[in-house]
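Novice: To start, I am sharing the structure in question, which I have written as structure tokens.
The values are calculated or read from the model by the stated rules, or taken from the named source; none is laboratory data. In this text, all values refer to a predicted model and were calculated from it rather than measured experimentally. Cβ sites come from the backbone with ideal geometry, for glycine too, and all protein chains shown count toward neighbours.
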Amino acid sequence: MTRSPVPPAHRLARSPSAYLRSAAEQEIGWYPWGEDAFRSARETGRPILLDIGAAWCHWCHVMDEGTYSDPEVSALVNQLFVPVKVDRDENPEVDRRYQLQVNALTGQGGWPLTAFLTPQGEVFLGGTYFPPEDQGGRPGFRRVLREVARLWREERDALKGQARAIQEGLKGMAAPREPPAGHDFVHEVAQALQEHFDPTHGGFGGAPKFPHPMASSFQLYLTHQTGDPAPAEMARLTLTRMAEGGLYDQLGGGFHRYSVDEGWHIPHFEKMAVDNGHLLGAYREGFEALGEPRFREAMEGISTWVLSVLDQAPRGGFGASQDADNAPGDDGSYFTWSRSELKHLLSPDELKAISWRYGIGSEGRMPHDPERNVLYRLLPLTELAATLGRKPEEAQDLLLKAEAKMRRAREGRPTPAVDPALYASLNGILAGNLALAGRLTGQKMLLERARAAVDRFLDEAYEPSRGVAHQLTPDGPRIWGLLEDQVSFAGGLLKVAEATQEDRYLRTARKILELAQESYLSPTDGLLRDLAPSLYDGPKVGNWELPNVPLEDTPHLSPNAAAALAWEHLEALTSDPLVRDRYLPLVASLSRRLAHHGLFAAGSALAAGIARTEPVHVLIQGPKGTGSPLLQAALTTFHPRKVVLRAPLDGAFALPSGAAGEIQGSGEPRALVCAGTSCLPPILEANRLREALRASPTGPSRDRTV
């Protein structure tokens, strides 16, 4: 077959997506997602080859570098198909629809997503990664392309019928369903987490194992609500083992995407803004509830990674991800170590300390290259000191010196690329959790960078009538009308509002949530669609009209659960009784639709549990600049519906009706704790404040059963 010519002006060369631009040198005539591709398919009668991936995706790079760079594959694609390439971070609405269709057809999804579409945009065949030739039980893409082209040529009507059947099946899956009588959604999810919990390593299920931060948050809520210590102990084990494992970057901070083994030792090395944003919140709550110093270290490590790697925009804003690889064919060489490297770099005593501390030569060995090791915490400091025959402070000093040398050496390696794209949803998640972490730890820089991120989006990518745009590029905002941007950014604004006590963040968050409730509401079931037909300005091609209601945690928080939790936070900050009317129907719909979804409904179960309880307000009063012990006690003591504010209250920040008379403008430092409209007598001591918060009720109120 003749070599296919490179298009003279490649359509992806000027894309705002770094992932799409990276394909501009391929000999495949890729189209971006849009009308041009579908017009070409209709005019030529060819099927569409849809490839969906991301800058952080290891197997996407493998397919680009191996399969799509193969001359025979590129020639077949150009001659027989209309090729379309999509960045899933740039177009999550496209990814979501086609993941559902391929999953309905094959029972699997993920990235890269490879789908064959009719010229109308309906899937008739699909899969994930394909090597160029038959390999490891996977069919080679050359053979796949020829066979799909033959089927399209000879059995087109049957393929179109299959595509229609997929569409009908998805519509049936989306139909509202009623749970069985007596169904208790919160209890059901709690039971599912207990049944699928790994009591040895923490987390849920076997390999591959993903973090589920909302599950940990829900378990902490359960213990506080019921007094049963078991859920919180499950959260403790999970958060501890993840932070001790290779899933966590022991030198650079931040968590990788997932673990290929059940013990959290060997990660898939990409690091995602969305994962680290939610994990930052989970570790903050874990530190408040359980007081583990390791959880605070994890918080600070995530924050360090975010500010050093993702915070590259001087005017504010956090990038989307860091790649797993630093070169074609690489698999984690930036993050892993061989014993020979360490022997050359460290003194004998330092090498011994590092080897015992981080399990060199044991479970962290890379399967394809056992000489290379992922660092994980094998021994705690006290056991390490005993093993080395040294005092703990001496062992700590050895570790610090060795780790400093290793960081400097790692900085000299080729560094995995960072995707600097600025997405509203990711910036909301990161900014909100950084703001609360910064307030708790006293790290003002975290709060400053969180404010810079949301301020930039508010200045450049927010309009009251349209909400917040999905992406902020050098040419301005683009892609309006996506639900996850509205609810994640509003949720982040509310956290920044609580941390700063600035009214403008609070009021803007409310406007965005109200817009989401008005423009994204599904007319049939009280849930929120992933895009607003009246606001969405992306290419209206393919299956864009197919109603899609994002319900499950994947494993990060689903947009519908994020909306419910944001409304609940807004209620707590404003004490506006009308807010409850906005989120109770949404929570009730989630409870009905997510029956039997178990682990993947943890975020919605948390929202349902919180909806049953009254907010608990902690107001720190006294002269400006005083009261820090009380403030620290309030911030470091867990309560699932706690908000911590400083007097005086301005703007829309408010205590419940009837509690306002308790506020004093001056005098000695004191804390006012109010649950609902009932307030405790003023508290003057930090220990008493902690006791009061731990004892604050979380059980259902008469009018809050969901």
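Novice: Can you go through 334, 358 and tell me which one is among the hydroxyl-bearing types (Ser, Thr, Tyr) and touching a Leu at 6+ places or on another chain (Cβ under 7 Å)?
Specialist: Result: 358 is the single residue among 334, 358 that is among the hydroxyl-bearing types (Ser, Thr, Tyr) and touching a Leu at 6+ places or on another chain (Cβ under 7 Å).
Novice: Give 341, 403, 394, 383 a once-over and let me know the one that is of a type in the set (D, E, K, R), surrounded by 18 or more Cβ atoms within 10 Å (Cβ to Cβ) and either modelled with pLDDT under 95 or outside the structural domain of residue 66 (by TED's automatic domain parsing) (or both).
Specialist: The match here is 403.
Novice: Can you go through 24, 55, 41 and tell me which one is buried (at least 24 other Cβ atoms within 10 Å of the Cβ) and over 13 Å from residue 128 (Cα atoms)?
Specialist: Unique residue meeting the criteria: 55.
Novice: Could you list, in sequence order, the residues of segment 285-320 that are buried (at least 24 other Cβ atoms within 10 Å of the Cβ) and on the phi > 0 side of the Ramachandran plot?
Specialist: Passing the criteria: only 317.
Novice: Separate question: Among 275, 261, 228, which is under 27 Å from residue 609 (Cα atoms), part of a loop (DSSP other than H, G, I, E, B) and among the charged types (D, E, K, R)?
Specialist: Just one listed residue meets the conditions, 228.
Novice: Whether any residue in segment 568-580 is among the hydrophobic types (A, V, I, L, M, F, W, C) and within 20 Å of residue 423 (Cβ to Cβ) is what I want to check.
Specialist: Within segment 568-580, not a single residue is among the hydrophobic types (A, V, I, L, M, F, W, C) and within 20 Å of residue 423 (Cβ to Cβ).
Conditions tested, residue by residue: (1) in contact with a strand residue (DSSP E or B) (Cβ under 7 Å, 6 or more places away or on another chain); (2) touching a residue at least 40 places away in the same chain (Cβ under 8 Å).
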{"position": "267", "(1), (2)": "yes, yes"}
{"position": "278", "(1), (2)": "no, yes"}
{"position": "282", "(1), (2)": "no, yes"}
{"position": "292", "(1), (2)": "no, yes"}
{"position": "313", "(1), (2)": "yes, yes"}
{"position": "336", "(1), (2)": "yes, no"}
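Novice: Hey, another quick one. Out of the residues in segment 554-568 that are in contact with a Pro (Cβ under 9 Å, 6 or more places away or on another chain) and not small (Gly, Ala, Ser), which is surrounded by the most Cβ atoms within 10 Å (Cβ to Cβ)?
Specialist: Per the stated criteria, the residue is 560.
Novice: Still on this structure: Being touching a strand residue (DSSP E or B) at 6+ places or on another chain (Cβ under 9 Å), at pLDDT 95 or above and closer than 21 Å to residue 295 by Cα is true for just one of 422, 375. Which residue is that?
Specialist: 375
Novice: Among the numbered criteria (1) of a type in the set (A, V, I, L, M, F, W, C); (2) within 16 Å of residue 429 (Cα to Cα); (3) crowded, with 20+ Cβ neighbours inside 10 Å, which one does residue 479 miss?
Specialist: In the conditions (1) of a type in the set (A, V, I, L, M, F, W, C); (2) within 16 Å of residue 429 (Cα to Cα); (3) crowded, with 20+ Cβ neighbours inside 10 Å, residue 479 misses (2) alone.
Novice: Something else now. Go through (1) farther than 21 Å from residue 557 by Cα; (2) in contact (Cβ under 8 Å) with a residue 24 or more places away in the chain for residue 216 and report which single condition fails.
Specialist: (1)
Novice: A follow-up question, please. Which members of segment 577-630 meet the condition of being surrounded by fewer than 19 Cβ atoms within 10 Å (Cβ to Cβ) and among the β-branched types (Val, Ile, Thr)?
Specialist: 626 - this is the single residue of segment 577-630 that is surrounded by fewer than 19 Cβ atoms within 10 Å (Cβ to Cβ) and among the β-branched types (Val, Ile, Thr).
Novice: Of everything in segment 95-147 that's polar (S, T, N, Q), assigned to a helix (DSSP H, G or I) and out of contact with any helix residue (DSSP H, G or I) (no Cβ under 7 Å at 6 or more places or on another chain), which residue is farthest from residue 36 (Cα to Cα)?
Specialist: Taking the candidates together, the pick is 106.
Novice: Out of the residues in segment 508-520 that are over 20 Å from residue 644 (Cβ atoms) and charged (D, E, K, R), which is farthest from the chain's Cα centre (by Cα)?
Specialist: 518
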